[in-house]
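The values are calculated or read from the model by the stated rules, or taken from the named source; none is laboratory data. Treat the numbers as computed from the prediction; the structure is a model and nothing was measured. We place every Cβ from the backbone using ideal geometry, glycine too, and count neighbours over all the protein chains shown.
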Amino acid sequence: MNKLTFGAAVAALAIGIPFAAQAQQLPPAVIAVVDTDRVIRECTVCVTANTQLQQQIQQLQTRAQQLAAPLRTEGQAIQAAVQALPAGQQPNAALQQRIRTYETNQQNAQQEVQRQQQTIERNRNYVLQQIGQRMQPAVQQVMTQRGANLVVDSSASLAPTPTLDVTPAVLAAVNQNTAPLNVTAPPPQQPAAQAPAAAAPAATTPQRPRPQGR
């Protein structure tokens, strides 16, 4: 959670090659290798985004400590009060209320930390999504320049040849886009509320025929 990793997300990128006939021979593979993890670590806007995510994590750690300190103190005090009770005696109403309040506060603190953790994880995934959107055209640009028709991630290659490595060129292409990455993910979409069922037409009471006058 403290580092941006892309890994298998772009384990293999390839440009499709159209074919004119079923029996047409495939062209020889011209392979390029890209270290996507290095691009994510070292691209200028990636470094800035990673720093901002680290700050979010530190803020969460600080908040968690702020929540835990009074809970720890209160928990120790309650434990001492319970242990001080005579054998077989149950806590009185005031102590029982104190215990319930402590448990509620503890649960609320846990939920707050968990929500913030989920927010940071969404932010991290959102940053990775933006990097991927920038990396794909950069990889295609370098492939065109180098005449490659297949690019693989260095993690998918057992022994990548340095002469096939186009990572510096991809990194330079990604750095051409200096717009900062957004480290705040959009809020999760809420499920659409179901439209209320159409109200049934109100039943009409049949009117009695009015007696005709004589």
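Here is a yes/no grid of residues against (1) part of a helix (DSSP H, G or I); (2) more than 30 Å from L171 (Cβ to Cβ); (3) within 39 Å of the chain's Cα centre (by Cα):
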{"position": "I57", "(1), (2), (3)": "yes, no, yes"}
{"position": "Q65", "(1), (2), (3)": "yes, yes, yes"}
{"position": "L71", "(1), (2), (3)": "yes, yes, yes"}
{"position": "E74", "(1), (2), (3)": "yes, yes, yes"}
{"position": "V82", "(1), (2), (3)": "yes, yes, no"}
{"position": "P86", "(1), (2), (3)": "no, yes, no"}
{"position": "P91", "(1), (2), (3)": "no, yes, no"}
{"position": "Q96", "(1), (2), (3)": "yes, yes, no"}
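The test for being loosely packed, with under 13 Cβ neighbours inside 10 Å, within 26 Å of the chain's Cα centre (by Cα) and farther than 30 Å from I78 by Cα does not hold for P162. Given the criteria of a type in the set (K, R), part of a loop (DSSP other than H, G, I, E, B) and either modelled with pLDDT under 95 or out of contact with any Lys or Arg (no Cβ under 8 Å at 6 or more places or on another chain) (or both), does R214 qualify? Yes: the conditions hold for R214.
Quick one: is R38 touching a residue at least 40 places away in the same chain (Cβ under 8 Å), in a helix (DSSP H, G or I) and within 30 Å of A148 (Cβ to Cβ)? So R38 fits the description; yes.
Each residue in segment 98-139 was checked for being over 30 Å from P186 (Cβ atoms) and either among the hydroxyl-bearing types (S, T, Y) or within 13 Å of the chain's Cα centre (by Cα) (or both), and 3 pass.
Just one of G88, G75 is at pLDDT below 95 and either over 30 Å from Q130 (Cα atoms) or in contact with a strand residue (DSSP E or B) (Cβ under 9 Å, 6 or more places away or on another chain) (or both); which is it?
Values: G75 fails: at pLDDT below 95.
Selected residue: G88, the only one of G88, G75 that is at pLDDT below 95 and either over 30 Å from Q130 (Cα atoms) or in contact with a strand residue (DSSP E or B) (Cβ under 9 Å, 6 or more places away or on another chain) (or both).
Checked against (1) out of contact with any strand residue (DSSP E or B) (no Cβ under 9 Å at 6 or more places or on another chain); (2) within 29 Å of V30 (Cβ to Cβ), I99 meets all criteria but (2). Being modelled with pLDDT under 95 and either part of a helix (DSSP H, G or I) or surrounded by 14 or more Cβ atoms within 10 Å (Cβ to Cβ) (or both) is a property that T144 has. Looking across segment 97-112, the residues that are in contact (Cβ under 8 Å) with a residue 24 or more places away in the chain and farther than 10 Å from I78 by Cβ come down to N105, Q106, A109, E112.
Can you work out which of the residues in segment 7-55 that are touching a Gly at 6+ places or on another chain (Cβ under 7 Å) and at pLDDT below 50 is surrounded by the fewest Cβ atoms within 10 Å (Cβ to Cβ)?
If we filter segment 7-55 for residues that are touching a Gly at 6+ places or on another chain (Cβ under 7 Å), which is where we start, we get 9-10, 30, 37.
Adding the requirement that they be at pLDDT below 50 leaves 9-10.
On the way: A9: 14, V10: 22.
It comes out as A9.
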